[in-house]
Amino acid sequence: MAGMAIGVVASAIAYCAILAKNRFGYDDSLDVFGVHGVGGIWGSLAIGLFASKAINAAGGNGLLFGSSALLVTQFKAVAFVAVYTFVVTAVLLKLVGIVSPMRVSQEDEEVGLDLTQHGEFGYHTD
């Protein structure tokens, strides 16, 4: 039953994150953060809620089974991964930006990247 609850909540909050992207207008064309980022954060925190020694004797109990320690640990892990990911991504973007421009020219965007970058049309409208 916990797995079903985790899945229902994951799908609902991932959908809300996709709607928020549209509302706030940030660039996430494949909804990667909305689906995988938000869903993954929820899944990691859900471990700290639903874990049970009855299922895994070597593990720990989650908040719903009498212990908040695992939820706190999961929250710290999520925070660490978020900070680490942000810092490493920023560094990599700077390094790539030194070697190659991160954006195409305005003219290339107006003509279309299929033609200017790949030398072909993505769609033929004959």
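Every read-out reported here was derived from the displayed coordinates using simple, explicitly stated rules and does not represent laboratory data. Just so it is clear, the model here is predicted, and its values are computed rather than measured. For neighbour counting, all protein chains shown are included, and Cβ atoms are generated from backbone atoms with ideal geometry for every residue, glycine included.
Scan region 85-97 and give yes if some residue there is closer than 30 Å to Leu45 by Cα and surrounded by 12 or more Cβ atoms within 10 Å (Cβ to Cβ), otherwise no. Scanning region 85-97 turns up no residue that is closer than 30 Å to Leu45 by Cα and surrounded by 12 or more Cβ atoms within 10 Å (Cβ to Cβ). Assess whether Leu64 counts as being in contact with a Leu (Cβ under 8 Å, 6 or more places away or on another chain) and not polar (S, T, N, Q). Considered against the rule, which asks whether it is in contact with a Leu (Cβ under 8 Å, 6 or more places away or on another chain) and not polar (S, T, N, Q), Leu64 comes out as yes. Is it true that Ile6 is farther than 23 Å from Thr85 by Cα and either touching an Asp or Glu at 6+ places or on another chain (Cβ under 7 Å) or not in a loop (DSSP other than H, G, I, E, B) (or both)? Yes, satisfied.
Assigned to a helix (DSSP H, G or I), small (Gly, Ala, Ser) and within 12 Å of the chain's Cα centre (by Cα), is that true of Ala14? In short, yes.
Taken over region 22-36, the criterion of being crowded, with 16+ Cβ neighbours inside 10 Å, of a type outside the set (Gly, Ala, Ser) and not in a loop (DSSP other than H, G, I, E, B) is satisfied by Phe33, Val35. Does Ala79 satisfy the condition of being surrounded by 10 or more Cβ atoms within 10 Å (Cβ to Cβ), without any contact (Cβ under 8 Å) to a residue 12 or more places away in the chain and either out of contact with any Ser or Thr (no Cβ under 6 Å at 6 or more places or on another chain) or assigned to a loop (DSSP other than H, G, I, E, B) (or both)? The answer is yes for Ala79. Looking across region 37-55, the residues that are part of a loop (DSSP other than H, G, I, E, B) and either touching a helix residue (DSSP H, G or I) at 6+ places or on another chain (Cβ under 6 Å) or closer than 24 Å to Lys76 by Cα (or both) come down to Ala51, Ser52, Lys53, Ile55.
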